[in-house]
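Take a look at the structure below.
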Amino acid sequence: MSISAALVKELRERTGAGMMDCKKALVETNGDMEKAIDFLREKGLAAAAKKAGRIAAEGLVESYIHAGGKIGVLLEINCETDFVAKNDDYRAFVKDIAMHIAAAKPLYLTREEVSQETIDHEKEILRAQALNEGKPANIVDKMVEGRVQKYYKEVVLLEQPFVKDPDKTIETIVKEKISTIGENISIRRFVRWEMGEGLEKKVDNFVEEVMSQVNKG
């Protein structure tokens, strides 16, 4: 089918992909804009996977302090070149991840960091919950496994839904940025502090405050 230049231009503006790639995507999807966006995303993620093995030793250490000094985050995200590390788009990306960490309270970077002891403990609690809910014993194990996967999505940074776009995980956001920038990007480490954490104190909903700040960005 014939693809208009206006349609190609719109797709390019929405995705940042090259003109020829946009035209090909529209041809492949018979001019369906949303399917073309998915086509480019899938292509981009495949390209990102090829870059994942490359050494990323440059990057930024970003700090984020929530208004009033209630929550602090220190984050290191690596890229391949100092040129990209100084790029405004890359800096904004790193800041977004730091703000996400402040709001979403991840405990681990990857699920591999979660100890077997922690998972076994969670399974015991989840199994007891399921039995207390009156669930049949023969389906409890399946329910527990499903809830363990949910637990990973709650505490593992790369598996959490991105606070600015909950339809995407942090891992997906990273892969899309790799595709856009053209370099390997790796979240190396982070730490999050919350004022008075572990002490008895009045309960403040800092997460909601951070989320309101994120949504303004």
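Pick out the one residue from Glu124, Glu159 that is among the charged types (D, E, K, R) and under 27 Å from Gly72 (Cβ atoms).
Working: Glu124 fails: under 27 Å from Gly72 (Cβ atoms).
Unique residue meeting the criteria: Glu159.
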Exercise for review: Only residues that are modelled with pLDDT of 85 or more and either in contact with a Lys or Arg (Cβ under 6 Å, 6 or more places away or on another chain) or assigned by TED's automatic domain parsing to the domain that holds Val84 (or both): list them for the range 8-57, please.
Suggested key: Val8, Thr29
Exercise for review: Taking Phe162 as the residue in question, decide whether it is surrounded by fewer than 12 Cβ atoms within 10 Å (Cβ to Cβ) and within 30 Å of Gly59 (Cβ to Cβ).
Suggested key: no
Point to revise | Test: residue in the range 116-131 that is surrounded by 14 or more Cβ atoms within 10 Å (Cβ to Cβ), in the same structural domain as Trp193 (by TED's automatic domain parsing), modelled with pLDDT under 90 and in contact with a helix residue (DSSP H, G or I) (Cβ under 9 Å, 6 or more places away or on another chain) | key: no
Check your understanding: Which numbered condition trips up Glu76, out of (1) closer than 21 Å to Glu194 by Cβ; (2) modelled with pLDDT under 95; (3) among the acidic types (Asp, Glu)?
Key -> (2)
Revision key, fill the gap. Note on the range 85-107: residues farther than 17 Å from Ile65 by Cβ and crowded, with 17+ Cβ neighbours inside 10 Å are Ala85, Tyr90, Phe93, Pro106
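The values are calculated or read from the model by the stated rules, or taken from the named source; none is laboratory data. Only a predicted model underlies this, so the values are computations on that prediction, with no experimental measurement involved. Backbone-built Cβ (ideal geometry, glycine too); neighbour counts: all protein chains shown.
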